[in-house]
Amino acid sequence: MQTLYNKLWKNHVVHGGADETALIYIDRHLVHEVTSPQAFESLKIAGRKPWRQDSVLAVADHNVPTTNRTNGIGDPVSRLQVETLDRNCEELGITEFKMNDLRQGIVHVIGPEQGATLPGMTVVCGDSHTSTHGAFACLAFGIGTSEVEHVLATQCLSIKKALEMQILVEGKLCPGVTAKDVALAIIGEIGTAGGTGYAIEFSGDTISDLSMEARMTLCNMAIEAGARAGMIAVDDTTIKYISGRPFAPKGDLWEKAVSYWRTLRTDEGAKFDHVVNINATQIRPQVTWGTSPEMVTTVDGRVPNPLKITDPVKRNDMQRALDYMGLVPDMLIREIYLDKVFIGSCTNSRIEDLRVAAEVVKGRHIAKNIKLAMVVPGSGLVKLQAEEEGLDKVFLKAGFEWREPGCSMCLAMNDDYLSPRERCASTSNRNFEGRQGQAGRTHLVSPAMAAAAAVAGHFTDIQNI
Amino acid sequence: MEKFIGCNGLVAPLDRANIDTDAIIPKQFLKSIERSGFGRYLFDEWRYLDHGEPGKEVAQRILNPDFILNQNRFQGAQILLTRANFGCGSSREHAPWALQDYGFQVIIAPSYADIFFNNSFKVGLLPIVLKEGVVDQIFREVDLNVGYSLAVNLKEQTVVTPAGEVHTFDIDSFRKENLLNGLDEIGLTLQYASEIKSFEDKRRIEQPWLFI
């Protein structure tokens with residue numbers, strides 16, 4: 001009786017103990033422009049070559065502009081970083097989707113979209129949200145630049161086996177409640193360090209009912225709970241999503257692959273180090289009020305009051321967060337007014353996310369106090385699909401801007417950012433201080449909740465729309 | 001990687017839990033394609049009152065007098081004392097690069113985020129885990145004693161206070177060896193090149209779809 005994590009681990013041990021630190025083989029290496037230049041340079045200085053170029057897929061996403069790209073990247077520092085990726089990939093024969101390629105997009109959107117993420121793989125990337133790919137029963141986790149170089153040079157990583165946590169989510173979600181709300185509710189429950197040292201498997205009937213897009217949202221946020229890896233077993237939904245994608249196997253090979261993939265689930269009775277039970281029926285739409293994803297409550301809730309907290313470290317953290325966020329204790333969440341709305345990021349920029357948001361804004365208009373509402377699709381192909389469905393027109397008519405794909409205002413490395421003290425409803429994953437711009441104020445929500453907030457001008461319960 | 005011998009250094013306290021990598025090194029500095037020079041941007045949004053951009057001269061920046069690392073008594077600190085879940089957030093190795101470039105050799109906290117913890121060892125920055133109560137005690141002692149320093153001995157796995165109190169810490173033996181000897185981990189892994197090759201060949205036969 002084995003867990004999914006254990007099966008994945010055992011299937012990749014090249015050298016070393018099955019239960020401790022081991023040399024693990026890496027099947028897929030995703031690369032972006034920010035965490036790779038120093039790794040490529042170092043590899044070159046050491047006179048080493050990539051072990052297996054065809055395992056690498058590269059794309060520039062963090063720095064790219066989301067407005068008109070015909071004149072390239074304006075900022076010379078960003079431009080150099082993207083050009084450095086282009087040059088490294090050309091020199092080493094690595095497949096890269098360049099900025100003006102229709103397939104370009106956020107690395108964690110394009111991997112699955114291309115079928116470059118397949119069940120049973122180990123997937124790494126110099127990006128913490130690599131946990132996203134665990135939705136396909138992969139062992140997927142973020143690495144630093146030294147490890148990017150290590151994987152390029154050796155196709156392996158020396159890693160310590162994680163503890164195993166099962167998050168069992170059961171029951172039917174209420175209308176308007178999405179995977180994002182489930183993720184935030186879990187983080188609210190276990191905290192941002194709750195998953196530290198663990199690989200999390202999400203299971204239960206609620207998870208089985210989720211689409212692949214929703215599963216990716218959930219696994220994406222595993223890192224916000226402190227877990228490097230999140231994962232979900234293979235089922236028909238997984239297989240159906242992968243079928244026909246460019247990098248996916250075809251014909252006889254497909255049949256062979258599918259029969260193996262179907263074994264990628266935790267055996268009945270297998271033991272976890274820790275189990276968390278979540279009742280999905282109780283989850284309400286979530287809104288973060290502070291500067292950590294665990295600082296979260298429900299849309300019908302209130303901003304907490306530090307005076308009610310006895311632990312001095314926690315009380316100070318809360319007070320500091322409220323000061324930064326410019327919020328008053330006990331105020332209603334739905335009385336928080338917004339300046340900007342961002343729908344995008346590797347958490348929530350897939351076609352399903354855009355459909356849900358468009359459904360909310362259809363026939364409505366953004367409120368007068370909203371200075372900017374923007375939709376940044378996760379990839380060129382998501383953008384195209386949305387345009388074929390007419391979603392771009394729905395957003396534009398409602399007063400949203402319709403942008404080119406990239407990470408954009410999730411981390412504000414390009415021209416999309418909050419000015420000091422601007423308040424944003426964001427479908428991204430981190431509400432840290434300064435994340436979306438210096439002194440910017442981020443509230444994490446689902447795409448539906450962000451769309452509803454854009455229309456109302458303040459947070460409002462999607463369940464009442 | 002440089003060898004990590006040990007450190008007898010001044011301690012700077014940063015009394016806050018869940019310090020994330022965006023706070024340690026804000027994203028605008030990640031546009032650099034260099035590996036060095038991040039120290040001057042460490043904790044940029046807390047350390048300075050003006051907004052920092054890559055290339056902006058330090059002489060032109062306005063220091064935040066309220067930020068603890070800007071106090072005279074903590075100049076030249078080599079050990080950063082902080083709270084739980086330090087380094088949460090992104091995988092940016094720029095965070096340990098910035099801490100190290102600033103002059104820190106050791107971090108002491110009750111816990112760390114996994115990726116940051118792992119990255120630190122790769123660059124020769126030693127993240128030490130001490131119990132919450134011990135960290136509390138060191139915070140109090142630092143507060144009361146100007147020039148408070150700790151002696152860190154990696155080989156013995158000890159942190160010794162000025163009063164001679166010895167706190168031991170755990171460390172994975174593989175990581176310890178790598179730090180003590182300044183080993184090239186890629187070189188180490190490549191010693192297994194033939195094993196990697198045969199693993200890969202077998203995989204190519206058993207799961208050919210992984211090699212399309």
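So, with +1 on the Cβ of K and R and -1 on the Cβ of D and E, and no other charges, what is the size of the charge dipole of the stretch A:369-465 about its Cα centre, to the nearest 20 debye?
340 debye
Taking chain B as the reference, fit the longest principal axis to its C-alpha atoms, fit the long axis of helix B:193-206 to the helix C-alpha atoms, and give the angle between the two in degrees, 0 to 90, nearest 10.
Result, in degrees: 60.
Tabulate in residue order the Karplus-calculated ³J(HN,Hα) for the stretch A:412-427, using 6.51 cos²θ - 1.76 cosθ + 1.60 with θ = phi - 60°, rounded to whole Hz; enter x for Gly and Pro.
Coupling constants for the stretch A:412-427: 6, 8, 9, 7, 9, 8, 8, 7, x, 6, 5, 10, 10, 8, 10, 8 Hz.
Of A:K10/B:K122; A:K340/A:K383; A:K49/B:K122, which pairs sit farther than 23 Å apart, going by alpha carbon to alpha carbon? Could you put the intermediate results ahead of the total?
Details: A:K10/B:K122 25 Å; A:K340/A:K383 21 Å; A:K49/B:K122 20 Å.
Too far apart for the 23 Å limit: A:K10/B:K122.
Per-residue Cβ counts within 10 Å, from other chains only, averaged over B:109-117: what number is that?
If you average over the peptide's residues, the count of other-chain Cβ atoms is 5.
Relative contact order for the stretch A:82-201: what percent, with Cα pairs under 8 Å and sequence separation of 6 or more? Don't skip to the answer; put the middle values down first.
On the way: 100 pairs, mean separation 18.1, N = 120.
Value for the stretch A:82-201: 15 percent.
Near the amide H of B:I128, under 5 Å away, which other amide H atoms are found, from residues 5 or more places off or on another chain, if H is placed in the peptide plane?
B:I107, B:I108, B:A109
As a test of the definition: with a 1.4 Å probe, what buried accessible area, both sides summed, do you compute for A against B, in Å² to the nearest 100?
5600 Å²
Does the stretch A:36-137 come out rounded, prolate or oblate by the C-alpha gyration tensor, with a ≥ b ≥ c the root eigenvalues, rounded set by a/c under 1.5 and, if not, prolate when a/b is larger than b/c and oblate if not?
The shape class here is oblate.
Using only alpha carbon pairs under 8 Å that are at least six residues apart, calculate the relative contact order of the stretch A:1-90 and give it in whole percent.
Value for the stretch A:1-90: 26 percent.
Charges on Cβ only, +1 for Lys and Arg, -1 for Asp and Glu, centred on the Cα centroid of the protein assembly as shown; of B:V123, A:N11, A:M331, which one is farthest towards the dipole's positive end?
A:M331
Using each residue's phi in the stretch A:285-290, evaluate 6.51 cos²θ - 1.76 cosθ + 1.60 at θ = phi - 60° and report the 3J(HN,Hα) Karplus result to the nearest Hz, with x for Gly and Pro.
Karplus values, whole Hz, x for Gly and Pro: x, 9, 9, 7, 10, x.
What whole-number distance in Å separates the alpha-carbon centres of the stretch A:162-196 and the stretch A:94-128?
25 Å
Charges on Cβ only, +1 for Lys and Arg, -1 for Asp and Glu, centred on the Cα centroid of the stretch A:222-324; of A:A280, A:V258, A:L307, which one is farthest towards the dipole's positive end?
Farthest along the dipole direction, towards plus: A:L307.
Pull up all non-local amide H partners of A:A439: gap of 5 or more, or a different chain, and H-to-H distance under 5 Å with H placed in the peptide plane.
A:G434
Let me know the shape class of the protein assembly as shown, please: from the alpha-carbon gyration tensor, a ≥ b ≥ c as square roots of the eigenvalues, rounded when a/c is under 1.5, otherwise prolate if a/b is greater than b/c, or oblate.
Working: a/c = 1.39, a/b = 1.08, b/c = 1.29.
Rounded is the answer for the protein assembly as shown, as its axis ratio a/c remains below 1.5.
Work out from phi, with θ = phi - 60° and the Karplus expression 6.51 cos²θ - 1.76 cosθ + 1.60, the ³J(HN,Hα) of each residue of the stretch B:118-134, listed in order in whole Hz, and give x for Gly and Pro.
5, 4, 4, 4, 5, 10, x, 9, 9, x, 9, 9, 10, 4, 3, x, 5
For the protein assembly as shown, what is the charge dipole size about the Cα centre, in debye to the nearest 20, if Lys and Arg each add +1 at the Cβ and Asp and Glu each add -1 at the Cβ?
In total the dipole reaches around 560 debye.
Would you work out if the stretch A:338-382 is rounded, prolate or oblate? Take a ≥ b ≥ c from the square roots of the eigenvalues of the alpha-carbon gyration tensor; rounded if a/c is under 1.5, else prolate when a/b is larger than b/c, oblate otherwise.
Working: a/c = 2.67, a/b = 1.55, b/c = 1.72.
Here the stretch A:338-382 falls in the oblate category.
Amide H neighbours of A:R302 under 5 Å, at least 5 residues apart or on other chains, H built in the peptide plane: list them.
The answer is A:I333.
Leaving ligands, DNA and RNA out of it, rank B:K31, A:K98, A:K7 by accessible area with a 1.4 Å probe, largest first.
Largest to smallest exposure gives the sequence A:K98, A:K7, B:K31.
When chain B is modelled as a GNM with alpha-carbon springs shorter than 10 Å, which of B:E141, B:E34, B:E93 fluctuates the most?
Checking each option, the largest mean-square fluctuation is seen for B:E34.
The values are calculated or read from the model by the stated rules, or taken from the named source; none is laboratory data. In this text, all values refer to a predicted model and were calculated from it rather than measured experimentally. With ideal geometry, Cβ positions are generated from the backbone for all residues, glycine too; neighbour counts draw on all protein chains shown. Calculation scope for accessible area: heavy atoms of the full protein, side chains included, ligands and nucleic acids excluded. Shrake-Rupley method; radii C 1.70, N 1.55, O 1.52, S 1.80 Å.
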